[in-house]
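> Sharing a structure, written as structure tokens. Questions coming.
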Amino acid sequence: MSRRTAQANGRAAEASIVRAAGLSLMVAAALLMTACTSTPASSAAQPATSPPPSASPQATVTVDPAVAATTAAVESTLKAVVAGNPKPDRETLRAALVAADIPEANVEVSVSRTPTGLDVDAMETAALTGESCVLGQIRDGGVMVTVLPVLATGKCFVGDAR
């Protein structure tokens with residue numbers, strides 16, 4: 001067998017393995033998608049029953065009152081700013097959060113313009129509270145707020161937000 005024939009056979013075998021792997025991934029994805037969907041069942045087929053309260057104990061989440069207060073302050077502040085301007089600049093957001101009694105040293109705000117001078121798609125804010133970061137995002141005039149753990153650097157954002 002010539003060297004070219006051996007190389008061609010090797011490539012064909014590799015291509016076969018890649019196709020098999022791709023097919024396996026597609027089957028796995030299809031199974032995952034069908035497992036996440038539910039089909040409505042008739043009420044006659046499955047009677048509606050609920051387990052007794054003692055059978056399913058519910059976990060309670062303890063929220064730090066300082067984090068809850070900061071979360072409420074960030075959300076209400078960002079909503080108020082967006083009501084006046086759906087695309088605020090960086091300094092407007094910083095000033096509004098500081099005015100909402102969040103210490104200036106604990107406020108981080110992403111840039112509002114790209115290096116080429118265009119408006120960014122979303123603005124990000126963060127308020128450091130203890131071991132948590134209250135992150136707010138403004139996108140298309142809407143506000144979303146979430147709480148994440150502080151980074152090892154002691155900050156909420158990665159990199160230089162200038």
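The values are calculated or read from the model by the stated rules, or taken from the named source; none is laboratory data. In this text the structure is predicted, and so the values were computed from the model without any measurement. In case anyone asks, the SASA skips ligands and DNA or RNA and just uses the protein heavy atoms, side chains included. Shrake-Rupley method; radii C 1.70, N 1.55, O 1.52, S 1.80 Å.
> Kindly report the accessible area of region 55-138 per residue (heavy atoms of protein chains, probe 1.4 Å, no ligands, DNA or RNA), in Å².
I get 56 Å² per residue for this part.
> So what J values fall out for region 110-126 if you push phi through Karplus, 6.51 cos²θ - 1.76 cosθ + 1.60 with θ = phi - 60°, rounded to Hz, Gly and Pro as x?
Coupling constants for region 110-126: 6, 5, 9, 9, 6, x, 8, x, 8, 5, 6, 6, 8, 9, 10, 10, 8 Hz.
> Enter the accessible area of CYS156 (Å², nearest 10), with the probe set to 1.4 Å and all protein chains included.
Rounded to the nearest 10, that gives 20 Å².
> Turning to a different aspect of this structure: Near the amide H of SER112, under 5 Å away, which other amide H atoms are found, from residues 5 or more places off or on another chain, if H is placed in the peptide plane?
ARG90
> Sticking with this structure for a sec: Full-extension gain between THR153 and SER76, please, as 0.36 nm times their residue separation minus the C-alpha to C-alpha distance.
Full extension from THR153 to SER76 adds 25.0 nm.
> In whole Hz and in residue order, list the ³J(HN,Hα) couplings for region 86-97 that follow from phi through the Karplus curve 6.51 cos²θ - 1.76 cosθ + 1.60, θ = phi - 60°; x for Gly and Pro.
The phi angles translate into x, 10, x, 8, 4, 5, 4, 5, 4, 4, 5, 5 Hz.
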